[in-house]
1. Evaluate the distance, in nm, between pseudo-label points positioned 7 Å from the Cα of residue 98 and of residue 24 along their respective Cα→Cβ axes.
2. Segment 1-82: which trypsin sites (Lys or Arg not before Pro) are DSSP loop and have at most 16 other beta-carbon atoms within 10 angstrom?
3. Once phi is turned into ³J(HN,Hα) by the Karplus curve 6.51 cos²θ - 1.76 cosθ + 1.60 with θ = phi - 60°, what whole-Hz value does each residue of segment 190-204 show in order, with x for glycine and proline?
4. How many angstrom lie between the Cα centre of segment 150-216 and the Cα centre of segment 6-29?
5. Work out from phi, with θ = phi - 60° and the Karplus expression 6.51 cos²θ - 1.76 cosθ + 1.60, the ³J(HN,Hα) of each residue of segment 29-42, listed in order in whole Hz, and give x for Gly and Pro.
6. For segment 150-221, what is the charge dipole size about the Cα centre, in debye to the nearest 20, if Lys and Arg each add +1 at the Cβ and Asp and Glu each add -1 at the Cβ?
7. Set the Förster radius R0 to 30 Å, insert the Cβ-Cβ distance between residue 8 and residue 153 as r into 1/(1 + (r/R0)^6), and round the FRET efficiency to 0.05.
8. Using amide H atoms built in the peptide plane, which far-off residues or other-chain residues are under 5 Å from residue 40 H to H?
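No value in this document is a laboratory result; all are computed from the given coordinates. The shown structure was predicted, so the numbers you read here are calculated from the model rather than taken from an experiment. Methodologically, a virtual Cβ is constructed for each residue, glycine included, from the backbone with ideal geometry; neighbour enumeration extends over all protein chains shown.
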Amino acid sequence: MQLPKPGTIEVVPSILSADFARLADEIAQIESAGVSMVHLDVMDGHFVPNITIGPPVIAKLRRYSNLAFDSHLMISEPARYAERFVEAGVNHITFHIEVADDPAELIDRLHELGVTAGICLNPDTPVEAIEAVAPLCDMVLVMTVHPGFGAQEFMPKAAKKISQVRKIVGPETRIEVDGGIDPQTTPIVVSYGADTLVAGHAIFSKSDRIAAINAIRDAAK
């Protein structure tokens, strides 16, 4: 349950837009579509103005899925809580450059804990902020909305950062994009170099989740 190797386009459903009363069933349904990862949006109500799930919920979900758990920590103190998320069963942790006191140290620690590591930058954060640490990561996450809520409108200007990030990390690091990803925006971000497409509303707002995932896959070709 590791990140797929670079070179493939992966659609990664985000459960932020799923039915929280039946998360295990929602994850099982997307797993039947052949996805390899599921995106877990972790919000603390401090770094972002919303609260979602934490280690106890993730630990319960781990019992019901063999997918790689791609956890996005939108929290003020990622270093403080990282080990708890690893113990809960996540396979990858992305944290925000905006709150990292020593991002390189945290990346090393995550690798020591046995998970892959990623850095994320918000739409208003310049790529230069992650330039030194991005090559140390297994994946870089570019936000194309302001984090905190689902179903926001895609920000084209923020998406252009993907090209800059790809020049920094080269072909061997995954670039994930999150925010307003659907069949219309997918070709844009893929053309910039993104290969890991987080989609929430575009999947879970549809009655046929599998068809929604396949529509994004087709748009990426």
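1. Each label point lies 7 Å from its Cα, and together they span 3.5 nm.
2. 63
3. So the J values, rounded to whole Hz, are 5, 5, 7, x, 6, 10, 10, 10, 7, 9, x, 4, 5, 9, 7.
4. So the separation of the two Cα centres works out to 14 Å.
5. So the J values, rounded to whole Hz, are 5, 5, 5, 5, 7, x, 6, 9, 9, 10, 9, 10, 8, 10.
6. Working: 10 positive and 8 negative charges, 45 e Å.
Charge dipole of segment 150-221: 220 debye, to the nearest 20.
7. On the way: r = 28 Å, r/R0 = 0.92.
E between residue 8 and residue 153, to the nearest 0.05, is 0.60.
8. 70, 71, 72
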